[in-house]
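The values are calculated or read from the model by the stated rules, or taken from the named source; none is laboratory data. The structure displayed is predicted, hence computed values, not measured ones. Positions of Cβ are backbone-derived with ideal geometry, glycine not excepted, and every protein chain shown enters the neighbour counts. In case anyone asks, the SASA skips ligands and DNA or RNA and just uses the protein heavy atoms, side chains included. Shrake-Rupley method; radii C 1.70, N 1.55, O 1.52, S 1.80 Å.
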Amino acid sequence: QVQLVESGGGLVQPGGSLRLSCAASGIIFSSYAMGWYRQAPGKQRELVATISSGSVTNYAASMKGRFTISRDNAKNTVYLQMNSLKPEDTAVYYCKVLATSDWGQGTQVTVSS
């Protein structure tokens, strides 16, 4: 059974930074592409970034240059470094194993002064 546990969310001022983590279990983590998604209140869940098993990364246009996805296969963990945060980045952030329907429980990120 796949389990994904996100952490690292919180309240941050505009322009600030946060690093999210997603610890995975129940899969051979190094073999799977992973993704971060987010869902703001009243909006559909959207893709933030993906990282392949070979650490090739892709980003949604609005996050490129501000967010960095990375992975540590030794720790079965995928990260999302978020810099220059804006109020519109406020959302629940989820990680996902791209090849499966498994989602984490999400972690809340609130960007506000």
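With the condition kept exactly as written, say whether any residue in the range 40-53 is small (Gly, Ala, Ser), open to solvent by 50 Å² or more (accessible area, probe 1.4 Å), closer than 17 Å to residue 110 by Cα and in contact (Cβ under 8 Å) with a residue 60 or more places away in the chain.
Restricting attention to the range 40-53, the residues satisfying the condition of being small (Gly, Ala, Ser) are 40, 42, 49, 52-53.
Then drop every residue that is not open to solvent by 50 Å² or more (accessible area, probe 1.4 Å), which leaves 42, 53.
Still in the list and also closer than 17 Å to residue 110 by Cα: 42.
Add one more test, that the residue is in contact (Cβ under 8 Å) with a residue 60 or more places away in the chain, and what stays is none.
The answer is no, given that none of the residues of the range 40-53 is small (Gly, Ala, Ser), open to solvent by 50 Å² or more (accessible area, probe 1.4 Å), closer than 17 Å to residue 110 by Cα and in contact (Cβ under 8 Å) with a residue 60 or more places away in the chain.
Can you name the residue in the range 2-29 that is free of Cβ contacts under 8 Å to residues at least 60 places away in the same chain and of a type in the set (A, V, I, L, M) and is also farthest from residue 53 (Cα to Cα) among such residues?
Of everything passing the filter in the range 2-29, 23 is farthest from residue 53 (Cα to Cα).
For the condition at pLDDT 95 or above, of a type in the set (S, T, N, Q) and in contact with a Ser or Thr (Cβ under 6 Å, 6 or more places away or on another chain), what is the one hit in 13, 39?
That would be 13, the only listed residue that is at pLDDT 95 or above, of a type in the set (S, T, N, Q) and in contact with a Ser or Thr (Cβ under 6 Å, 6 or more places away or on another chain).
Say we look at the range 81-113 and pick out the residues that are farther than 14 Å from residue 11 by Cβ, of a type outside the set (Gly, Ala, Ser) and in contact with an Asp or Glu (Cβ under 9 Å, 6 or more places away or on another chain); which of these is modelled with the lowest pLDDT?
105
Identify all residues within the range 65-113 that are of a type in the set (Asp, Glu), open to solvent by 40 Å² or more (accessible area, probe 1.4 Å) and outside any loop (DSSP other than H, G, I, E, B); write none if there are none.
Scanning the range 65-113 gives 72, 88.
Out of all the residues in the range 1-24, which are hydroxyl-bearing (Ser, Thr, Tyr) and open to solvent by 50 Å² or more (accessible area, probe 1.4 Å)? Working first, answer last.
At the first step, the residues of the range 1-24 found to be hydroxyl-bearing (Ser, Thr, Tyr) are 7, 17, 21.
Answer for the range 1-24, where residues must be hydroxyl-bearing (Ser, Thr, Tyr) and open to solvent by 50 Å² or more (accessible area, probe 1.4 Å): 7, 17.
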